[in-house]
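Everything on this sheet refers to the single structure shown next.
Only the coordinates and a few stated rules stand behind these numbers; no lab work does. Please read all numbers here as calculations on a predicted model, not as lab measurements. Note that we place each Cβ from the backbone using ideal geometry, even for glycine, and neighbour counts take in every protein chain shown.
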Amino acid sequence: MVNTNVGKSCLDLVIQNYLSTVYGKYLKNMITIKVNQENHQFSETLALTELIRFLEIKTNGIAVAINGSVVKKSDWSLRLLQNSDEVLIIKSTQGG
């Protein structure tokens, strides 16, 4: 067994233990959602509409897929995101 506490002071160990005790449950309940290849962490599950609002994305002209499946805009408020979901948001652009 490897001792990972080598070089840590007694105070460091006390602080580490305290933080693990106080915040450990909170951190274990965090979920990670990948949006366009960037990880975002949340303390609880959320609907797709809440994610879009959090990211401050305008909803006009966007398409959204979760884990490779397109989600209709009318279903955004019903679709709850789960830990490890991968969200792809594509914005249409005008050009010529």
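Excluding residue 33 itself, what net charge comes from residues whose Cβ is under 10 Å from its Cβ, given Lys and Arg +1 and Asp and Glu -1? It would help to have the intermediate numbers written out before the result.
Details: positive: 34; negative: 38, 85, 86.
Around residue 33, the charge tally is -2.
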statement: For residue 34, the aspartates and glutamates lying under 12 Å Cα to Cα, once residues fewer than eight places off in the same chain are dropped, come out as 85, 86
query: Considering only the other residues whose Cβ falls under 13 Å of the Cβ of residue 51, what net charge follows from Lys and Arg at +1 and Asp and Glu at -1?
result: -3
q = 0.16, 0.21 Å⁻¹, region 30-96: log10 I(q)/I(0) [Debye, one scatterer per Cα]: -0.49, -0.84
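If the chain between residue 40 and residue 94 were fully stretched, how many nm would it gain, using 0.36 nm times the residue separation less the Cα-Cα distance?
Numbers: separation 54, 0.36 × 54 = 19.44 nm, distance 2.88 nm.
Here the segment from residue 40 to residue 94 would lengthen by 16.6 nm.
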